[in-house]
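The values are calculated or read from the model by the stated rules, or taken from the named source; none is laboratory data. Not measured: the values here are computed from a predicted model. All Cβ positions, even for glycine, are placed from backbone atoms using ideal geometry, and neighbour counts span all protein chains on display.
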Amino acid sequence: MTKKRSLLLALIFASGLVACGEKPAPAPKAAEPAKSAAPAPEAKAEAPAITDTLKKIADTGVIKIGHRDASIPFSYLDGDQKPVGYGVDICLKIADAVKAKLNKPDIKVEFVPVTSQTRIPILTGGNIDVECGSTTNSVKRQEQVSFAPTYFVTGTKIIVKKSSGIKGYDDLKGKTVVFTTGTTNERAMKAYNDEKKLDINFIPSKDHAESFLAVETGRAVAFPMDDILLYSLKASAKNPDDYVVIGDFLSDDPYAPMIRKGDPEFKKLVDGVLGDLYKSGEINKLYAKWFESKIPPKGINLNFPMSAGLKEAIKNPNDTGVGDCGKMKC
Amino acid sequence: MFTGFDFDVIQKSLPYLWQGMQFSLGLTLLAMLGGIVIGTLLALMRLSSFKLLSYPAGAYVNLVRSIPLILVIFWFYFLIPVLIKKLTGNPYASGIGPFYSALIAFTMFEAAYYCEIIRAGIQSVPRGQVSAAYALGLTYRQATTLVILPQAFRNMIPILLTTSIILFQDTSLVYVVGLTDFMGAAGKIARRDGRLVEMYLFAALVYFIICYSGSYFVKTLQARYNVGRN
Amino acid sequence: MDFSFLNQPAFSGGGVYLDWVISGLKWTLLVSILGWIIAFSVGSLLGILRTAPVAWLRVPATIYVELFRNVPLLVQMFIWYFVVPEIVPKAVGDWLKTQMPMPEFSNAVLCLGFYTASRVAEQVRSGIQSMPRGQTSAALAMGLTLPQTYRHVLLPMAYRIVIPPMTTEFLTIFKNSSVALTIGVLELTAQARQISEYTFRTFEIFTVATIIYALITLTVTFSMRWLENKTRVPGYVGGSSK
């Protein structure tokens, strides 16, 4: 074969390859008739980072909410595997406010599953617009993302089996502890371990249900997590009475909806939604629905009255983050 | 041994598992098609006598083939949005969604593997066929698309299909980014209801049936093709 | 790109982030190599059995290969780790979960080893079957027993022929070792993820991990090519794989 011809053809193929490397978005869009009806987003903006979430939602016709699988009762899957929870309800309120603000009631709400590990990159990457789960507002995370006002206040404790005889953190010396990767609790526990030289053997896991399972099956003796999540895991366990949540708070963890950084307009809207919920007292109804009533899928009641910390956060809404190492220095 | 084995939990979650299966099958089929198309381009580039084409293609294929799929999934899942944004200047292109992110990751990963199969397939076509095609006055494009590729693909079909069955198995790895494919759906129910034994064994059974029938089909196909050749 | 974060003190454990990378590499290599020892020995045995002239040896080996080849590695990993301890007698299960040294690591090695064995078996089988039938007939005619025929005639050739596909299988187990992260082994990919979480240097740390994997793959490929040339039997052109 002649060199020239092969060169030419290969060049054509190569440019084709580059083209399909560049624009994977349009093809999938065309495959989805429902979406192609929405106005096509054109490449007009020069700024690479998304700093105008409202415009993004208006252009694409979709608001994307990140949800968790097993952060009960904040954001989890119910009996029909639909995302529900206290946080999900609040995110839906935010979606309603966006629709009202843009005057576009037909904006679609899309739920995207995230994990402790993926939530931040997915948010900054633009695959979700807001996450209302069990995400602690930490100073470290504020380098990457922004937070709306605190909507729940909790902190790190551990869950153990009653039969294990563990009474406090120092009993964990040399034992195996499971943690969910990417959580603030992981950091608080590790900082405590380093400080007290407990020589704990850590095993990582992907989500809270899996971590709790490690305690349930005896692979690990303890699981450090925000106490509210531990109580809900305990309540949903096969034999709730086998477990006990112990310890003083290793860290303070204020939860808040997470949004992209550097987007003051969207932050103002989200802040406003929470502010209204707090001022009108509607938050109390929402709280009672998820923390003091029977919740899906199993109809358990967490019976978890509102803490002083949360009452304070509702009275004076704030988006102050916490440090990275719990109550330890680092 | 199977005391308390609860088949009910499987039955109740069948619709959700089916949704997951659709995700797995859709991902497999689209990644297979995309992978074969891009793999063919890569193979033609690698076989090109022009180094500017053959070297980058070779480097890409060798690099991708030397790293774990999970790492590739992480690369694409977290960094493709950034890359697309930079390349196209379209700030929303990043919101392509988890399915398409996974699809791009698998397509680009599998393309490297398909490329090597296709390259070997193209090389297995006797030189004489190429010479004959040129002697008849066909252009490079005509010779490639009308003479070489049809024969090459005919030889390659069984191994391309076998690779695709492995691709189907590999799609379960989207677990690492929390997506709900068949295995993801099974795992989510397993952990929520504390029914790991049932769900994981059921998942294994389903995968086995699909993959075994798939490879059985490939074997029959191979036998049929071989008859004509020998 | 700025790689200076590798030299910064790590969040926990006392070292710097580079130590996390090295520790991840160590586990990746340990899982791969120990898994490979299982895969190679079990796989060879199965591969030989699959060419046996009697059905009661051949059939179980075939069932093993089909079973392990047609279930995704991830599912097998979960079955070893989550399911096996629950369906064996309780005492054994408890031992597996609590007493077994480094349960995640051991499970990963066993899982990868037995999974890869099915693939190795196929390579060994096709190596043996690629030998001309005349070789077996001649060996038997000379009065060698069947085991002797395998030991002195078939296997020495078959193993040379399958060096290239075996290299591929070793590299496959090496890359598949990253699946061990799903049950909590902090191997190289898991460490890369963890470091990216702590430092937000996702691009840089993934680049580091990619380069390490690529370098090891290159090293293995080239040393096996050297071995292949060393052991080549004159008159035979490489092995035909797959």
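Candidates B:P150, B:P126: the one that is more than 25 Å from the chain's Cα centre (by Cα) and away from chain A (no Cβ under 14 Å) is B:P126.
Just one of the numbered conditions (1) within 11 Å of another protein chain (Cβ to nearest Cβ); (2) surrounded by fewer than 22 Cβ atoms within 10 Å (Cβ to Cβ); (3) not small (G, A, S); (4) not in a helix (DSSP H, G or I) is not true of B:I67: (2).
Checking each residue of the range C:52-60 against the condition of being in contact with a helix residue (DSSP H, G or I) (Cβ under 8 Å, 6 or more places away or on another chain), modelled with pLDDT under 95, farther than 30 Å from C:I195 by Cα and not in a helix (DSSP H, G or I) gives at least one match. For the range B:130-142, the criterion of being assigned to a helix (DSSP H, G or I) and of a type in the set (S, T, N, Q) is met by at least one residue.
Residue-by-condition table, conditions (1) among the hydroxyl-bearing types (S, T, Y); (2) at pLDDT 95 or above; (3) in contact with a Gly (Cβ under 9 Å, 6 or more places away or on another chain):
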{"residue": "A:G79", "(1), (2), (3)": "no, no, no"}
{"residue": "A:A100", "(1), (2), (3)": "no, yes, no"}
{"residue": "A:T115", "(1), (2), (3)": "yes, no, yes"}
{"residue": "A:P121", "(1), (2), (3)": "no, no, no"}
{"residue": "A:K161", "(1), (2), (3)": "no, yes, yes"}
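Of the listed requirements (1) farther than 14 Å from C:G35 by Cβ; (2) among the polar types (S, T, N, Q); (3) within 8 Å of another protein chain (Cβ to nearest Cβ), C:S178 misses just one: (1).
The numbered conditions (1) in contact (Cβ under 8 Å) with a residue 12 or more places away in the chain; (2) touching a strand residue (DSSP E or B) at 6+ places or on another chain (Cβ under 7 Å) are all true for A:C325 except (2).
When residues in the range A:282-321 are screened for being closer than 26 Å to A:K234 by Cα and assigned to a loop (DSSP other than H, G, I, E, B), 12 of them pass.
Scanning the range C:152-205 for residues that are outside any helix (DSSP H, G or I) and touching a residue at least 12 places away in the same chain (Cβ under 8 Å) turns up C:V162, C:G184, C:V185, C:L186, C:E187, C:R201. In the range A:51-162, counting only helices (runs of 4 or more DSSP H) that sit wholly within it, the ones holding 1 or more residues that are surrounded by fewer than 20 Cβ atoms within 10 Å (Cβ to Cβ), charged (D, E, K, R) and within 12 Å of chain B (Cβ to nearest Cβ) span A:53-60. Applying the set (1) within 14 Å of chain A (Cβ to nearest Cβ); (2) aliphatic (A, V, I, L, M); (3) surrounded by fewer than 18 Cβ atoms within 10 Å (Cβ to Cβ) to B:M199 leaves exactly one unmet item: (3). In the range C:190-205, the residue that is modelled with the lowest pLDDT out of those that are within 8 Å of chain B (Cβ to nearest Cβ) and under 25 Å from the mean Cα position of the chain (by Cα) is C:R193.
Checking each residue in the range B:1-21 for being exposed (fewer than 13 other Cβ atoms within 10 Å of the Cβ) and in a helix (DSSP H, G or I) picks out B:D8, B:Q11, B:L14, B:P15, B:W18.
A:S280 fulfils the conditions (1) at pLDDT 95 or above; (2) assigned by TED's automatic domain parsing to the domain that holds A:G168; (3) exposed (fewer than 13 other Cβ atoms within 10 Å of the Cβ) except for a single criterion, (2). Of all the listed residues (C:F105, C:F114), the sole one being part of a helix (DSSP H, G or I), under 26 Å from B:F168 (Cβ atoms) and of a type in the set (F, W, Y) is C:F114.
Residues in the range C:218-242 that are surrounded by 15 or more Cβ atoms within 10 Å (Cβ to Cβ) and either at pLDDT 90 or above or closer than 19 Å to B:S66 by Cβ (or both): C:V220, C:T221, C:M224, C:E228, C:S241. Of all residues in the range A:197-223, those being charged (D, E, K, R) and over 18 Å from the mean Cα position of the chain (by Cα) number 4.
Collect the residues in the range C:47-66 that are more than 7 Å from chain B (Cβ to nearest Cβ) and either among the acidic types (D, E) or more than 26 Å from C:T136 (Cβ to Cβ) (or both), keeping them in residue-number order. Residues satisfying the conditions do not exist here. Within the range C:27-61, being surrounded by fewer than 16 Cβ atoms within 10 Å (Cβ to Cβ) and among the β-branched types (V, I, T) holds for C:I33, C:I37, C:V54, C:V59. The test for being on the phi < 0 side of the Ramachandran plot, within 14 Å of chain B (Cβ to nearest Cβ) and either surrounded by fewer than 16 Cβ atoms within 10 Å (Cβ to Cβ) or among the hydroxyl-bearing types (S, T, Y) (or both) does not hold for C:S137.
Of the residues C:E187, C:E104, which is of a type in the set (D, E) and either modelled with pLDDT under 95 or touching a Lys or Arg at 6+ places or on another chain (Cβ under 6 Å) (or both)? Reasoning before the result, please.
Details: C:E187 fails: either modelled with pLDDT under 95 or touching a Lys or Arg at 6+ places or on another chain (Cβ under 6 Å) (or both).
Testing whether each residue is of a type in the set (D, E) and either modelled with pLDDT under 95 or touching a Lys or Arg at 6+ places or on another chain (Cβ under 6 Å) (or both) leaves just C:E104.
Within the range C:206-234, restricting attention to residues that are part of a helix (DSSP H, G or I), in contact (Cβ under 8 Å) with a residue 40 or more places away in the chain and more than 20 Å from the chain's Cα centre (by Cα), the residue that is farthest from C:F105 (Cα to Cα) is C:T231.
Exactly one residue out of B:L221, B:L179 is out of contact with any strand residue (DSSP E or B) (no Cβ under 6 Å at 6 or more places or on another chain), in a loop (DSSP other than H, G, I, E, B) and touching a residue at least 40 places away in the same chain (Cβ under 8 Å): that is B:L179.
Filtering the range B:189-205 to residues that are free of Cβ contacts under 8 Å to residues at least 40 places away in the same chain and either in a helix (DSSP H, G or I) or among the polar types (S, T, N, Q) (or both) leaves B:A190, B:R191, B:R192, B:L196, B:Y200, B:L201, B:A203, B:A204, B:L205.
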